1. Any residue in segment 288-305 that is outside any loop (DSSP other than H, G, I, E, B), farther than 12 Å from A329 by Cβ and either of a type in the set (D, E) or without any contact (Cβ under 8 Å) to a residue 60 or more places away in the chain (or both)?
2. Report the residue count in segment 306-331 for those that are in a loop (DSSP other than H, G, I, E, B) and small (G, A, S).
3. Just one of the numbered conditions (1) within 16 Å of the ligand (Cβ to nearest atom); (2) in contact with a Ser or Thr (Cβ under 8 Å, 6 or more places away or on another chain); (3) open to solvent by less than 10 Å² (accessible area, probe 1.4 Å) is not true of Y322; which one?
4. Scan segment 156-178 and give yes if some residue there is out of contact with any strand residue (DSSP E or B) (no Cβ under 9 Å at 6 or more places or on another chain) and crowded, with 24+ Cβ neighbours inside 10 Å, otherwise no.
5. Just one of T189, T185, T218 is touching a residue at least 60 places away in the same chain (Cβ under 8 Å), within 16 Å of the ligand (Cβ to nearest atom) and open to solvent by 30 Å² or more (accessible area, probe 1.4 Å); which is it?
6. If I251 meets every condition in (1) of a type in the set (V, I, T); (2) in a helix (DSSP H, G or I); (3) closer than 21 Å to N62 by Cβ apart from one, which number is that one?
7. Those residues that are within 13 Å of the ligand (Cβ to nearest atom), over 17 Å from V294 (Cα atoms) and out of contact with any strand residue (DSSP E or B) (no Cβ under 7 Å at 6 or more places or on another chain), I need them from segment 221-248; list them, please.
Amino acid sequence: MKKRLLSVLLCSAMVAAMAVGCGGGSSDSGSSDEGGSDSGSSDVITIGFSQVGAESDWRTANSESMQDTFSEENGYNLIFDDAQQKQENQITAIRNFINQEVDYILLAPVTETGWDTVLQEAYDADIPVIIVDRMVEVSNDDLYTTWIGTDSLLEGRKAAEWLNAYATAKGWAPEDLHIVDIQGTIGSTAQIGRTQGLEEGVEKYGWDLLAQQTGEFTQAKGQEVMESLLKQYDNINVVYCENDNEAFGAIDAIEAAGKTVGTDIEAGEILVISFDTTNAGLTDVLNGKIVCDVECNPLHGPRAEALIQALENGEEVEKLNYVDEEIFAFDNTVESVTAVNSLDEEGEYAVTPITQEIIDGRAY
Ligand code: AHR
């Protein structure tokens, strides 16, 4: 397959609308029909996809979305590599993709830094690189063609504003909120943004942030960290988990310690906040174990395909393509929150009380 070097410029409104508009949260079906695949052409597009790993329910949904979209029947030859959460595996995979002369490289990077050398190699080989999900921090932004993913800082700010509004409505004094933060993989965009959102809330509202420790986005580590935090602090009443799987682990640890999760912190319950809104996460919201869950939508397959098809057609694409996302809560105490996104735009975001019907209608 001949390499398809495409001269990629910034900002085409048309492609921006296509890529960002497909964000639409829960109504996104993940169907590979949405992006308009290359099936009409005899030219198969070869894609090397370096996936972070399989650390969470979110990641599984993301891998499935990519595999369903970049299927043979849609006109693609997908080379999928699971890096098992290790950057060195991702670098090796990218080098293999370059040797195989793939048409596009898709990279879901484990952390933001450390990509300059290998992305320069892809650039020198004239292979367009599309970053998916988390971001990369590189010395020269030309080293990747475009990015599609979530606004993690906005997610963190939404969660913090929700907590402030909820605490205010309940009459809880800020200094009486004793919070632990089970962080994601340190140095990943999802961790950096969500941690920053919480820290800004602490600064702004005066909450008591007891501890921050990574749970590496996994259930096992989330449980281990929570067990240890419960031994160190006897006054924890809010757990801010940076993804659903950490929340599952933290809830297990809390219950194993003879404590209860819920909203009645005055009666000793521990309030759990989470991110992702996976099926199991929202089920925990429905039964009151997680009180607020901020969406991080994993269905990037059709979005990445829309970008690739635009590039195939010689169109310009936006450099950064943020996905629209929702907020779900156990009850209707907070109806909406106001938060500023990574582009410094202030917005008001509805908080939807979860129902079984909503969960059943979602694609992941
Ligand atoms: O980068 C997205 C994050 O990675 C999701 O929140 C988490 O579940 C995943 O592992």
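1. yes
2. 1
3. Looking at each condition in turn, Y322 falls short on (3).
4. no
5. Among T189, T185, T218, only T218 is touching a residue at least 60 places away in the same chain (Cβ under 8 Å), within 16 Å of the ligand (Cβ to nearest atom) and open to solvent by 30 Å² or more (accessible area, probe 1.4 Å).
6. Only one criterion in (1) of a type in the set (V, I, T); (2) in a helix (DSSP H, G or I); (3) closer than 21 Å to N62 by Cβ is unmet by I251, namely (3).
7. K221
Each row is one residue, and each column tells you yes or no for (1) within 22 Å of the chain's Cα centre (by Cα); (2) touching a residue at least 40 places away in the same chain (Cβ under 8 Å); (3) more than 16 Å from the ligand (Cβ to nearest atom); (4) on the phi > 0 side of the Ramachandran plot.
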position	(1), (2), (3), (4)
F97	no, yes, yes, no
A108	yes, yes, no, no
W115	yes, no, no, no
A122	no, no, yes, no
I131	yes, no, no, no
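The values are calculated or read from the model by the stated rules, or taken from the named source; none is laboratory data. Because the structure is a prediction, the values reported are computed rather than measured. Backbone-built Cβ (ideal geometry, glycine too); neighbour counts: all protein chains shown. To get the accessible areas, we keep the full protein, side chains included, count just its heavy atoms, and leave off ligands, DNA and RNA. Shrake-Rupley method; radii C 1.70, N 1.55, O 1.52, S 1.80 Å.
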